[in-house]
Amino acid sequence: EAGVTQFPSHSVIEKGQTVTLRCDPISGHDNLYWYRRVMGKEIKFLLHFVKESKQDESGMPNNRFLAERTGGTYSTLKVQPAELEDSGVYFCASSQAGLYQETQYFGPGTRLLVL
Amino acid sequence: AQSVSQHNHHVILSEAASLELGCNYSYGGTVNLFWYVQYPGQHLQLLLKYFSGDPLVKGIKGFEAEFIKSKFSFNLRKPSVQWSDTAEYFCAVNARTGRRALTFGSGTRLQVQP
């Protein structure tokens with residue numbers, strides 16, 4: 001069974017540009033999460049999809065971040081325009097729905113550097 | 001709000017030494033507890049988890065953790081570390097009901113010297 005995949009693995013952009021990150025969850029997983037780790041800090045939650053609906057977006061830092069999950073399969077996270085402080089590693093995780101004993105499985109992350 | 005504290009940021013051990021990494025959490029309700037590991041160049045992997053039942057849980061590669069409810073702790077242990085255990089270890093918690101987001105500690109970087 002394929003795990004969670006993320007694309008690209010690395011992205012280097014200039015301040016003010018737009019970047020779109022993609023996450024493909026494990027097949028059949030309705031829950032999809034985005035997290036971010038800024039250098040030297042802890043991994044922090046950004047948002048949670050259940051199928052195509054945003055269940056919890058309390059961690060989104062500001063309106064420069066837009067997440068979508070059309071059709072309830074893969075998800076994209078767009079940063080527009082990117083700022084220096086957006087640099088970090090963006091992780092995606094997925095889990096099966098409907099279980100209170102759920103385990104989130106993580107992808108390899110996308111390392112974003114904003115210059 | 002939930003919070004997780006990992007007291008050791010960087011631990012250096014020799015092979016065969018015993019390991020204990022501390023994790024304390026702050027949350028008013030019932031929680032699920034996790035330890036994840038990130039080996040160099042690899043993605044976050046689940047090491048072990050606690051949902052309910054026996055507070056001593058065993059994970060992969062000889063790791064175990066004990067949930068002590070009265071101390072809000074979930075410390076990770078291994079009796080004898082190997083060079084291949086060199087990695088970063090993360091404690092995480094989420095609520096048993098309601099919000100599903102994981103709250104992570106800051107991570108502990110373990111370096112095992114041969």
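The values are calculated or read from the model by the stated rules, or taken from the named source; none is laboratory data. Bear in mind that the values here come from a model prediction, so they are computed numbers and not experimental data. For neighbour counting, all protein chains shown are included, and Cβ atoms are generated from backbone atoms with ideal geometry for every residue, glycine included.
Observations on the structure shown:
- Output for segment A:3-22, where each listed residue is within 12 Å of chain B (Cβ to nearest Cβ) and part of a strand (DSSP E or B): A:Thr5, A:Gln6
- For segment B:1-19, the set of residues classified as touching a Gly at 6+ places or on another chain (Cβ under 9 Å), farther than 11 Å from B:Gly107 by Cβ and in a strand (DSSP E or B) consists of B:Ser3, B:Ser5, listed by residue number.
- Restricting the search to strands (runs of 3 or more DSSP E) fully inside segment B:60-114 and requiring at least 1 residues that are closer than 22 Å to A:Phe91 by Cα gives B:87-95, B:108-113.
- Some residue of segment A:52-69 being in contact with a helix residue (DSSP H, G or I) (Cβ under 7 Å, 6 or more places away or on another chain) and either free of Cβ contacts under 8 Å to residues at least 40 places away in the same chain or within 22 Å of B:Thr103 (Cβ to Cβ) (or both): yes
- A:Glu102 modelled with pLDDT under 95, within 19 Å of B:Gly107 (Cα to Cα) and not aliphatic (A, V, I, L, M): no
- Only one of the listed residues (A:Phe49, A:Phe7, A:Phe45) is within 15 Å of A:Arg111 (Cβ to Cβ) and not small (Gly, Ala, Ser). That residue is A:Phe7.
Yes/no matrix, rows are residues, columns are (1) in contact (Cβ under 8 Å) with a residue 12 or more places away in the chain; (2) at positive phi; (3) away from chain A (no Cβ under 12 Å):
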site	(1), (2), (3)
B:His9	yes, no, no
B:Leu13	yes, no, yes
B:Leu19	yes, no, yes
B:Ser26	yes, no, yes
B:Leu33	yes, no, no
B:Gln42	no, no, no
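- Qualifying residue in segment A:86-102 (condition: closer than 25 Å to B:Tyr89 by Cα and of a type in the set (Asp, Glu)): yes
- Segment B:41-58, residues that are of a type outside the set (Lys, Arg), within 24 Å of A:Tyr35 (Cα to Cα) and in contact with a strand residue (DSSP E or B) (Cβ under 7 Å, 6 or more places away or on another chain): B:His43, B:Leu44, B:Gln45, B:Leu46, B:Leu47, B:Leu48, B:Tyr50, B:Phe51
- Scan of segment A:25-37 for residues that are within 14 Å of another protein chain (Cβ to nearest Cβ) and in a loop (DSSP other than H, G, I, E, B), ordered by number: A:Pro25, A:Ile26, A:His29, A:Asp30
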